[in-house]
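Everything below concerns the one structure shown next.
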Amino acid sequence: MNFFAIKTSPIAASEFAREWDKLWAYLMAVSVFFTVAICGVIIFFAIRYRRRSDADRPAPTKDGKLLEILGSVIPFILVMIMFFWGAKLYFDARIPPKDAIEILVTGKQWMWKMQHPNGKREINDLHVPVGVPIKLTMTSEDVIHSFYLPDFRKKMDVLPGKYTQMWFLPEKEGRFHLFCAEYCGTEHSLMIGSLYVVSQAEYERWLSTGMTSGSVVAASSEDPVAAGQALWEVHCMAACHTGRPGAIGPNIHHAFGTMRELETGEFILMDENYVRNSMINPNDDIAKGYPAAMNSFRGTLNNNQMNQIIAYLKSVGEGAQ
Ligand SMILES: [Cu+2]
């Protein structure tokens, strides 16, 4: 019997999930061993050294140097293993590979909306190709949700007004559960769906045709980059942020992924959260050398439109400098 295959968790669908299970088994083994050992010794001593008469008979005390050293060194080693092993898995889980396919996930009471790089959308289903890392960039339209792929041991909070990320590597084809793991209202329990891991060819076909068994495809599938470019121009951003002499705002057109200097002298990474927050709260991070002249787009642009503008800035930004 494989010790690590204890049936307390769902199937392990990825290398990360198997590593996670091993760490979990290690934590469990250490905890169970010491719980049993300490309780056992307490019970044994309580019986062995119980008071049998009222006579005062203290035993001579003895130093146990070796015991004291072992009692410090062994737990130290055990917890350091937990620390480094856990830290390694944490970093593995947090840093998506560069070649990952990016899919946009939006939580909403009570459904998951997914959007693929070509603009195709689906609800409560997520189709991904096998063998390619998948990066999910996630936000919420209302309350806090949590995107959970139990078979991949990956879970991340999905927050209103902010982007969080999560990634996973599907290794084999099949259908897997996806959940909302944060109580988010009366129909929270219905906020479930399926992850379909399909072959590369089938994914390509699915992306272009839009119909596959079991999928609930909804809404129009516009190209987010093109839609974002249109919004960028309509909302005067291009006029303000072109970098031409005399422009009101800093040139952020080809700058996604770069560090931006602020009026405070600090530097900030121009990422999804920076762009989004600058649209909603433009005075939070004023670019060095520019006035606080931008109006908030709160209420003007909806969540989807902000995502589109970010998609456009990403498409012209990353690697452009
Ligand atoms: Cu939810």
Put a dot 7 Å past each Cα toward the Cβ at residue 223 and residue 293; how far apart are the dots in nm? 3.2
Compute the Cα gyration tensor for segment 80-227, then decide on rounded, prolate or oblate, letting a ≥ b ≥ c be the square roots of its eigenvalues: rounded whenever a/c is under 1.5, prolate when a/b is larger than b/c in the other cases, and oblate in all that remain. oblate
When the chain is fully extended, how far beyond the present Cα-Cα distance does residue 254 get from residue 189, taking 0.36 nm per residue of separation? 19.2 nm
Projecting the Cα atoms of 17, 281, 269 onto the charge dipole of the chain, where Lys and Arg contribute +1 and Asp and Glu -1 at Cβ, the residue farthest towards the positive end is 17
Given backbone amide H placed at 1.01 Å from N, residues whose amide H is under 5 Å from that of residue 260, ignoring those fewer than 5 places away on the same chain, are 268, 269, 270
Percent of all alpha-carbon pairs of the chain at distances over 26 Å, whole number, is 60
Row for segment 224-317, column shape: gyration tensor on C-alpha, a ≥ b ≥ c, rounded if a/c < 1.5 i.e. under 1.5, prolate if a/b over b/c, else oblate; value rounded
Pulled fully out, how much extra length does the chain show between residue 22 and residue 233, if you take 0.36 nm times their separation in residues and subtract their Cα-Cα distance? 70.8 nm
So what is the relative contact order of the chain, in percent, for Cα pairs below 8 Å that sit 6 or more residues apart? 14
Quick note on 252, 310, 81, 74, ordering by fewest other C-beta atoms within 10 Å, gives 74, 81, 252, 310
Phi to ³J(HN,Hα) by Karplus 6.51 cos²θ - 1.76 cosθ + 1.60 over segment 94-100, Hz, x for Gly, Pro: 8, 9, x, x, 5, 8, 5
Integer Hz, Karplus 6.51/-1.76/1.60 couplings in order for segment 159-173, x for Gly and Pro: 10, x, x, 7, 9, 10, 10, 7, 9, 7, 10, x, 9, 9, 6
Counting only DSSP beta bridges with both partners in the chain, the antiparallel fraction in percent, to the nearest 5, comes to 70
Prolate/oblate/rounded call for segment 13-139, Cα gyration tensor, a/c under 1.5 rounded: prolate
Per-residue Cβ contact counts at 10 Å, fewest first, order 240, 39, 180 as 39, 240, 180
Sort the following peptides by mean Cβ neighbour count (other Cβ atoms within 10 Å, averaged over residues), highest first: 160-171, 273-284, 253-264. 160-171, 273-284, 253-264
Measuring from its Cα centre, the chain shows a charge dipole (+1 at each Lys and Arg Cβ, -1 at each Asp and Glu Cβ) which, in debye to the nearest 20, is 1260
Just rank 248, 123, 43, fewest to most, by other beta-carbon atoms within 10 angstrom. 43, 248, 123
Suppose R0 equals 35 Å. What FRET efficiency, 1/(1 + (r/R0)^6) with r the Cβ-Cβ distance, do residue 52 and residue 74 give to the nearest 0.05? 0.55
Estimated FRET transfer efficiency when R0 is 25 angstrom, pair residue 42-residue 94 (beta carbons, to 0.05): 0.05
If every Lys and Arg gets +1 and every Asp and Glu gets -1 at its Cβ, then about the Cα centre segment 224-317 yields a dipole, in debye to the nearest 20, of 220
Between residue 127 and residues 5 or more places away or on another chain, the pairs with built amide H atoms under 5 Å apart involve 196
What relative contact order, as a whole-number percentage, does segment 110-183 give when Cα pairs under 8 Å and 6 or more residues apart are counted? 31
In whole Hz and in residue order, list the ³J(HN,Hα) couplings for segment 137-153 that follow from phi through the Karplus curve 6.51 cos²θ - 1.76 cosθ + 1.60, θ = phi - 60°; x for Gly and Pro. 9, 10, 8, 10, 8, 9, 9, 6, 10, 8, 8, 10, 10, x, 5, 9, 6
Please compute the modelled spin-label separation between residue 200 and residue 285, points set 7 Å along Cα→Cβ, answer in nm with one decimal. 3.6
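Readers should treat all values here as calculations from the given coordinates under stated rules, not as data from a laboratory. Note that the structure is a prediction, hence the values are computed from the model and not measured. As a convention, Cβ positions derive from the backbone with ideal geometry for all residues, glycine included, and neighbour counts pool all protein chains shown.
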